[in-house]
Amino acid sequence: MLLEKIENANDIKKIDKSEYDALAQEIRDFLIEKISVTGGHLGSNLGTVELTMALHLTLDLPEDKIIWDVGHQSYTHKILTGRREGFDGLRQFHGMSGFPKRKESNCDAFDTGHSSTSISAGLGMVKARDIRGEKRTIVSVIGDGSLTGGMAYEALNNAAELETNFIIVLNDNNMSISENVGGFSKYLNNIRTANGYLDLKEGIYNALRKTKRGDNIVARIRRAKSSFKQLVIPGMFFEDMGITYLGPVDGHNIEELTRVIQEAKRVKGAVLVHAITQKGRGYEPAERHPARFHGAEPFDIGTGLPSHPRNVPNYTDIFSTVMCKLGQRNERVVAITAAMPDGTGLKRFHNMYPDRFFDVGIAEEHAVTFAAGLAAGGMRPVVAVYSSFLQRAYDQIIHDVCIQNLPVTFCVDRAGLVGSDGETHQGIFDLSYLSTIPNMNVCAPKNKWELSDMMKFAIEFDGPVAIRYPRGAAYDGLEEFRAPVELGKAEWICRGEDIALLAVGSMVKTAETVRNALCEKGYSVSLINARFVKPLDEDTVRQACAGHRLVVTLEENVAAGGFGERVRECISGLDTGVPIMSVTIPDVYVEHGNTELLKREIGIDADSITTRVLEKMEKMR
């Protein structure tokens, strides 16, 4: 087994060239076997096997640096840097991350998890290298999808000014190669990067600059050359920016990839290597259904079907159904996603109302301002986005939506702990960052029916509303409690005298379990569904303080700036004498792992909360 020969970085260089294809197949078989058990990002990793091998063959890690955009395609990189055994615990608590982590290996140059960041980070490393007089090669790998993010173009614009080497690899799994153009392009690339050509070009340019009007002559030569290249070379967009373009190259041909990367290392400036790859390559179900295997749950290798199919609808399913109904009832309802039509549940809306559905690419900032424009134009836009991705558009929420008090609805999916994707994806900050914004209204449903009611409320409300809901099965308890949704009004579910549990969204279900446990211990307990974090139901907060010995706030959000802090602020001027206990996520970055396990670890599960409350009540005797 060839994989057994790879125990450390650079061990791939000990493998004979004749065995590269066999090694690539072993890697694919290994990934399919392991991810079928643990789940993870399969399609993108199957598509980058040869590309990663070529990078490792041409670079010297960890001295040289690879920055993976998003990082979900770095599994082969982990294998080739001696972390094969870590795949048994992939994305599990205290196990190996599904993304690059500097603390995990010195071969991981930069922590990534969000899109369109690799070129900026790589450019920073290039500048650090040059200032320190180092010689290492810096490579940023970015996908064609990530190039829809504006940050990537900001970095490209900056990188065009470089006069030292910086390699950008464009992993393109969505564009085809034109044979007639590709063949001639390959020929030109060979000429343009050959030793003689580079030396001659530099010599001629330097000599001309020393003559009278030499700079003008050089500029004219470059313009003429550029006009010719426009006809025969793809990628002239990059060339026009001042970035040397090499490609397209077959991203599954290791020999061709290594040759082009070696050529790219010679360029004195920013150079883009355009590699064409196939997502899911080598596994037929992933080739047929790349979206399904982007972030795959455990599956049966033979069929590609999930090992544990869902029988209960999740919150995304509920959102999807309600959106379609809202679209049917109101022709002004439009839907916006940032490259996540499947993940956010908007695919059905797209199929039913294609003219009112907009996928703007991986561009959350644009998505929000675009929604503001739609709202200003008389529409009722719904922006469906993951919590951790919405934070990328914080300025646009403030500047373009909330200052104008425009009726944009933000359906914030994956709020709270999301589990296996870890720190970069946990949606644990949204209550804090959204509730700081004037004119923003923030609410969270206790169950699937309340999500539906809140969406209907938001569409009719004349201002911005954010509805945050968690990943996973939609809670179907407390169905009998369905008071109409009113702005800033909480909902009393149970009334008691000793303890008031004031819970937000997903924590209402947890609070229900806590209440039952406390009642068994002889306490009289109220349960209040906060519904709105902003505006806060201050009357209900005061009633809770006036009628109980202890008030407990529960939220699946960090402590700083969260619901608990808002409750404390509400009563800060009152002499209630009632202690407030806040159950929150600690102000830390929560690592990857099973969601229920993580809740126990940080103390926001029902058992931990019950224990804390009982201890508090015992001290108050």
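Pick out the one residue from 575, 587, 607 that is acidic (Asp, Glu) and within 19 Å of residue 429 (Cα to Cα). That would be 587, the only listed residue that is acidic (Asp, Glu) and within 19 Å of residue 429 (Cα to Cα).
Taking region 373-463 and the strands (runs of 3 or more DSSP E) fully enclosed by it, no element has 2 or more residues that are of a type in the set (Gly, Ala, Ser) and within 28 Å of residue 40 (Cβ to Cβ). The listed residues are 460, 423, and the only one of them that is touching a Phe, Trp or Tyr at 6+ places or on another chain (Cβ under 6 Å), in the same structural domain as residue 408 (by TED's automatic domain parsing) and not polar (S, T, N, Q) turns out to be 423.
Taking into account only those residues within region 491-525 that are polar (S, T, N, Q) and part of a loop (DSSP other than H, G, I, E, B), which is nearest to residue 480 (Cα to Cα)? Outline the logic, then answer.
Within region 491-525, the subset polar (S, T, N, Q) is 506, 510, 513, 516, 524.
The next check asks that each one be part of a loop (DSSP other than H, G, I, E, B); those that pass are 506, 524.
Numbers: 506: 17, 524: 21 Å.
The extreme case among them is 506.
When you scan region 73-83, do you find a residue that is in contact with a His (Cβ under 6 Å, 6 or more places away or on another chain), aliphatic (A, V, I, L, M) and buried (at least 21 other Cβ atoms within 10 Å of the Cβ), even just one? Within region 73-83 (the criterion being in contact with a His (Cβ under 6 Å, 6 or more places away or on another chain), aliphatic (A, V, I, L, M) and buried (at least 21 other Cβ atoms within 10 Å of the Cβ)), the answer is yes, since at least one residue qualifies.
Restricting to region 507-542, what's the tally of residues that are over 27 Å from residue 561 (Cβ atoms) and surrounded by 19 or more Cβ atoms within 10 Å (Cβ to Cβ)?
At the first step, the residues of region 507-542 found to be over 27 Å from residue 561 (Cβ atoms) are 516-525.
Still in the list and also surrounded by 19 or more Cβ atoms within 10 Å (Cβ to Cβ): 518, 525.
Summing the residues that are over 27 Å from residue 561 (Cβ atoms) and surrounded by 19 or more Cβ atoms within 10 Å (Cβ to Cβ) in region 507-542 gives 2.
Which is over 18 Å from residue 431 (Cβ atoms) and of a type in the set (Lys, Arg), of 531, 471, 495? Give the steps one after another, and end with the answer.
On the way: 531 fails: over 18 Å from residue 431 (Cβ atoms); 471 fails: over 18 Å from residue 431 (Cβ atoms).
Checking each option against the conditions leaves just 495.
Tell me, please, whether a residue that is surrounded by fewer than 16 Cβ atoms within 10 Å (Cβ to Cβ), without any contact (Cβ under 8 Å) to a residue 40 or more places away in the chain and part of a loop (DSSP other than H, G, I, E, B) can be found in region 270-284. Checking region 270-284: not a single residue is surrounded by fewer than 16 Cβ atoms within 10 Å (Cβ to Cβ), without any contact (Cβ under 8 Å) to a residue 40 or more places away in the chain and part of a loop (DSSP other than H, G, I, E, B).
Scan region 574-607 residue by residue and report those that are among the polar types (S, T, N, Q) and over 30 Å from the mean Cα position of the chain (by Cα). Scanning region 574-607 gives a single hit, 576. Can you find a residue that is of a type outside the set (D, E, K, R), under 18 Å from the mean Cα position of the chain (by Cα) and at pLDDT 95 or above anywhere in region 55-71? Yes: region 55-71 contains one or more residues that are of a type outside the set (D, E, K, R), under 18 Å from the mean Cα position of the chain (by Cα) and at pLDDT 95 or above.
Which count do you get for residues in region 484-532 that are of a type in the set (D, E, K, R) and touching a His at 6+ places or on another chain (Cβ under 9 Å)? Here the count works out to 2. If we scan region 337-348, do we find a residue that is within 27 Å of residue 150 (Cα to Cα), buried (at least 23 other Cβ atoms within 10 Å of the Cβ) and touching a Leu at 6+ places or on another chain (Cβ under 8 Å)? Scanning region 337-348 turns up at least one residue that is within 27 Å of residue 150 (Cα to Cα), buried (at least 23 other Cβ atoms within 10 Å of the Cβ) and touching a Leu at 6+ places or on another chain (Cβ under 8 Å). Quick check on residue 438: is it more than 21 Å from residue 502 (Cα to Cα) and crowded, with 18+ Cβ neighbours inside 10 Å? Spelling it out, it is not the case that residue 438 is more than 21 Å from residue 502 (Cα to Cα) and crowded, with 18+ Cβ neighbours inside 10 Å.
Scan region 23-39 residue by residue and report those that are assigned to a helix (DSSP H, G or I) and either closer than 22 Å to residue 274 by Cα or of a type outside the set (Val, Ile, Thr) (or both).
Within region 23-39, 23, 24, 25, 26, 28, 29, 30, 31, 33, 34, 36 qualify.
Is one or more of the residues making up region 12-34 touching a residue at least 60 places away in the same chain (Cβ under 8 Å) and touching a Pro at 6+ places or on another chain (Cβ under 9 Å)? No: region 12-34 contains no residue that is touching a residue at least 60 places away in the same chain (Cβ under 8 Å) and touching a Pro at 6+ places or on another chain (Cβ under 9 Å).
How many of the residues making up region 111-165 are of a type in the set (Val, Ile, Thr), under 26 Å from the mean Cα position of the chain (by Cα) and farther than 23 Å from residue 53 by Cα?
First pass over region 111-165, keeping only residues of a type in the set (Val, Ile, Thr): 112, 117, 119, 126, 131, 137-139, 141-142, 148, 164.
Keeping just the survivors that are under 26 Å from the mean Cα position of the chain (by Cα) gives 112, 117, 119, 126, 138-139, 141-142, 148.
Keeping just the survivors that are farther than 23 Å from residue 53 by Cα gives 148.
Going through region 111-165 one residue at a time, the tally reaches 1.
Answer yes or no as to whether residue 7 is charged (D, E, K, R) and in a helix (DSSP H, G or I). Answer is no for this residue.
Exactly one residue out of 133, 122, 98, 86 is surrounded by 23 or more Cβ atoms within 10 Å (Cβ to Cβ), small (Gly, Ala, Ser) and without any contact (Cβ under 8 Å) to a residue 60 or more places away in the chain: that is 122. The set of residues from region 287-298 being more than 18 Å from residue 421 (Cα to Cα) and either touching a residue at least 24 places away in the same chain (Cβ under 8 Å) or in contact with a helix residue (DSSP H, G or I) (Cβ under 7 Å, 6 or more places away or on another chain) (or both) comprises just one member, 290. Scanning region 357-383 for residues that are surrounded by fewer than 19 Cβ atoms within 10 Å (Cβ to Cβ) and closer than 18 Å to residue 456 by Cα turns up 378, 379.
The values are calculated or read from the model by the stated rules, or taken from the named source; none is laboratory data. Note that this is a predicted model, so its numbers are computed, not measured. No Cβ is skipped: glycine too gets one built from the backbone with ideal geometry, and neighbour counts run over all protein chains shown.
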